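Take a look at the structure set out below.
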Amino acid sequence: MNNIPRIGDQAPDFEAITTTGKIKFSDYNQGSWIIFFSHPADFTPVCTTEMSGFALEQDTFFAVHNCKLMGLSIDSIHSHIAWVDNVRKNTGVLFKFPIVADIDMHVSQLWGMLQPGESETAAVRAVFIIDPNGIIRLVMYYPMSVGRNMGEIKRALLALQTTVEHKVACPLNWQPGDKVIVPPPKSVDALEERLNSDLEMVDFYLAKKAL
Ligand code: BEZ
């Protein structure tokens, strides 16, 4: 049966062969955020643009945002290595992050990346953002025909990190540096305190502050 991990679930653990060697997911996850994403197939055009987009951000994600990347497709390790080499030779972009070779579909089934209505043999474009405690914080699915948006993936990571660090929420179209939403008061005393605060307030339940 095809599992679908949900927001708030513990990330399903696995060991797999990847382009950077054998990896146990929970070990890779220790102490860092992870963006784990699947693509339908190596040597395909949309996937090449997406993986290159991830690769252009890989150093910033790691060094600035404490976030490691991990890719996956239902291809062999030989195919992955040949594709990494091909893209590096053609464009100079090197995919340094591990790409899981999921030829037996074990990991893609475990992570809900194989959605038979779209394809029985290729993963859809899934994105999971996992926190340093191994909890899935965000899930996105895109079909084969539509590439993802790196700006939105990065925005979502930074928004998640901001909500966790500051115990706030992020409104529509939030970008780093924008004001954040303070959770609504949970008692009459807290309401009173809020009404006398200098928060930017539309009403007592919708209040914003700068960080
Ligand atoms: C692509 O990456 O271009 C692609 C892969 C599978 C199906 C459709 C498009």
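Can you list residue pairs whose Cβ atoms sit under 8 Å apart, with the first residue in segment 125-139 being without any contact (Cβ under 8 Å) to a residue 24 or more places away in the chain and the second being outside any strand (DSSP E or B)? Count only pairs 6 or more apart in sequence or on different chains.
Qualifying pairs under 8 Å: none.
Considering (1) under 24 Å from G147 (Cβ atoms); (2) away from the ligand (no atom under 16 Å from the Cβ); (3) modelled with pLDDT of 95 or more, say which one A11 fails and leave the rest.
Among (1) under 24 Å from G147 (Cβ atoms); (2) away from the ligand (no atom under 16 Å from the Cβ); (3) modelled with pLDDT of 95 or more, the lone unmet condition for A11 is (1).
Looking only at segment 25-62, filter to residues that are more than 23 Å from S79 (Cα to Cα) and touching a Leu at 6+ places or on another chain (Cβ under 7 Å); which one of those is farthest from the ligand (Cβ to nearest atom)?
By that ranking, first place goes to W33.
Rundown of residues vs (1) within 23 Å of D75 (Cα to Cα); (2) away from the ligand (no atom under 16 Å from the Cβ); (3) more than 15 Å from the chain's Cα centre (by Cα); (4) not assigned by TED's automatic domain parsing to the domain that holds S38, yes/no style:
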site	(1), (2), (3), (4)
M113	yes, no, no, no
E118	yes, no, yes, no
R125	yes, no, no, no
G134	no, yes, no, no
M140	yes, yes, no, no
A156	no, yes, no, yes
G177	no, yes, yes, yes
V202	no, yes, yes, yes
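Could you grab me the full set of residues in segment 67-90 that are charged (D, E, K, R) and over 23 Å from F128 (Cα atoms)?
Within segment 67-90, D85, R88, K89 qualify.
The values are calculated or read from the model by the stated rules, or taken from the named source; none is laboratory data. All values reported here derive from a predicted model rather than from experimental measurement. Backbone-built Cβ (ideal geometry, glycine too); neighbour counts: all protein chains shown.
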